[in-house]
1. Could you work out how much longer the chain between residue 33 and residue 5 gets when fully extended? Use 0.36 nm per residue separation minus the Cα distance between them, nm to one decimal.
2. Show me the ranking of peptides 146-158, 31-43 by mean Cβ neighbours inside 10 Å, starting with the highest.
3. Starting from the Cα of residue 56, step 7 Å along the direction of its Cβ; do the same at residue 131; then give the gap between the two resulting points in nm.
4. Report the extension gain between residue 20 and residue 122 in nm, rounded to one decimal, defined as 0.36 nm multiplied by the number of residues separating them, less their alpha carbon distance.
5. Please state the shape class of the range 120-192: rounded when a/c is under 1.5, otherwise prolate if a/b exceeds b/c and oblate if not, all from the C-alpha gyration tensor.
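Computed from the coordinates by the stated procedures, all read-outs in this text should not be read as laboratory data. What you are looking at is a predicted structure, and each value in this text was computed from that prediction instead of being measured. As a convention, Cβ positions derive from the backbone with ideal geometry for all residues, glycine included, and neighbour counts pool all protein chains shown.
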């Protein structure tokens, strides 16, 4: 059994119609302290399902549909807008041993074939190109939850889906190129799913 299949089995997502799906809850927001505590507890329980892979102590946070992963082996906070639960778990498992690597300049090298992480520079480039508006509905976007202006936290989306990267016309290794990225608000990103929509 492939690793991704094992992950899906543990979270109850063995097929798209599964009624037992139990993934990360990313709906933390303002003015719901008790609910946010419940979300943190729930997400910790999901991680505990994979304690045999050594990822249960990873610190997770989320905000309005975007998951954040903070840990000592990552130089910066990474934003995983649009990632599925299995994508996040797979990333954590693939990177659980990074803590033992002395040269942190090579954190992601050779750990995954192609990383789904969008760099800060690319994120800014895409948002600037779209004039800080959602590419679908046109609402105002902001870089992160800590941005000083009002708006929805931007999700940087692959126009041609990352999950189909082996079929990408410019080559799998270029799936993260700027021309294949767009900024969406959380609602439009959720509606898009894995479809190719410009």
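1. That pair, residue 33 and residue 5, stretches by 6.6 nm at full extension.
2. Working: 146-158: 16.8, 31-43: 12.9.
Result, highest mean Cβ count within 10 Å first: 146-158, 31-43.
3. With each label point 7 Å from Cα toward Cβ, the separation is 5.2 nm.
4. That pair, residue 20 and residue 122, stretches by 33.1 nm at full extension.
5. In terms of gyration-tensor shape, prolate.
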